Amino acid sequence: MAKVHWINGSIEPPEPGEYYTICVYKKTGEIWIDSDSWDGKCWGTLEVNDPYWRVIAWARVLHPDIPVDLQGRVKRYFGQEVKDDGN
């Protein structure tokens with residue numbers, strides 16, 4: 001399994017996008033690890049102040065590296081346009 005840097009769920013992500021999330025079901029303590037979108041104000045699948053679930057941690061989604069022989073030819077990488085400088 002890949003290692004990610006988990007951030008406390010009380011801290012908002014720095015920008016909108018897709019993130020890994022760890023959520024807790026408030027009634028039972030059940031944990032779900034999944035991904036969700038952050039729009040800059042709230043998580044895509046949860047209501048603001050959701051009565052049932054709470055994000056207790058989040059992490060940036062890990063993307064695989066681009067094979068060396070394909071670098072320079074890739075124009076889109078997971079929904080983002082790749083600039084001429086490779087970023």
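The values are calculated or read from the model by the stated rules, or taken from the named source; none is laboratory data. Small disclaimer: the values here were computed from a predicted structure and weren't measured. Virtual Cβ from ideal backbone geometry, glycine too; neighbours counted across all protein chains shown.
Out of the range 57-87, which residues are of a type in the set (A, V, I, L, M, F, W, C) and closer than 14 Å to PRO13 by Cβ?
So in the range 57-87, the residues of a type in the set (A, V, I, L, M, F, W, C) come out as 57-59, 61-62, 66, 68, 70, 74, 78, 82.
Selection gives ALA57, TRP58, ALA59, VAL61.
Just give me the residues in the range 38-62 being loosely packed, with under 14 Cβ neighbours inside 10 Å and not charged (D, E, K, R), in sequence order.
GLY40, GLY44, VAL48, ASN49, PRO51, TYR52, VAL61, LEU62
Looking only at the range 1-17, which residues are at pLDDT below 95 and part of a strand (DSSP E or B)?
The answer is GLY17, and nothing else.
Do the conditions hold for SER37, that is, is it part of a strand (DSSP E or B) and polar (S, T, N, Q)?
Yes, satisfied.
So which residues in the range 33-74 are among the basic types (Lys, Arg) and in contact with a strand residue (DSSP E or B) (Cβ under 7 Å, 6 or more places away or on another chain)? If you could, list the steps in order and put the result at the bottom.
Start the filter on the range 33-74 by keeping residues that are among the basic types (Lys, Arg), which leaves 41, 54, 60, 73.
Within the range 33-74, ARG54, ARG60 meet the criteria.
Residue by residue through the range 9-60, note down the ones that are within 13 Å of the chain's Cα centre (by Cα), among the polar types (S, T, N, Q) and more than 19 Å from PHE78 (Cβ to Cβ).
THR45
Among the residues of the range 1-28, what is the count of those that are exposed (fewer than 10 other Cβ atoms within 10 Å of the Cβ) and of a type in the set (Gly, Ala, Ser)?
Of the residues in that region, 2 qualify.
Can you tell me which residues in the range 47-87 are in contact with a Lys or Arg (Cβ under 8 Å, 6 or more places away or on another chain) and hydrophobic (A, V, I, L, M, F, W, C)? Full working, then the answer.
Of the residues in the range 47-87, the ones in contact with a Lys or Arg (Cβ under 8 Å, 6 or more places away or on another chain) are 48, 51-54, 81-82.
The answer is VAL48, TRP53, VAL82.
Check whether at least one residue in the range 74-82 is aromatic (Phe, Trp, Tyr), loosely packed, with under 14 Cβ neighbours inside 10 Å and over 16 Å from the mean Cα position of the chain (by Cα), and report yes or no. Can you show your working first?
As a first pass, look at the range 74-82 and keep what is aromatic (Phe, Trp, Tyr): 77-78.
This time we only want the ones that are loosely packed, with under 14 Cβ neighbours inside 10 Å, so: 77-78.
Keeping just the survivors that are over 16 Å from the mean Cα position of the chain (by Cα) gives none.
Within the range 74-82, not a single residue is aromatic (Phe, Trp, Tyr), loosely packed, with under 14 Cβ neighbours inside 10 Å and over 16 Å from the mean Cα position of the chain (by Cα).
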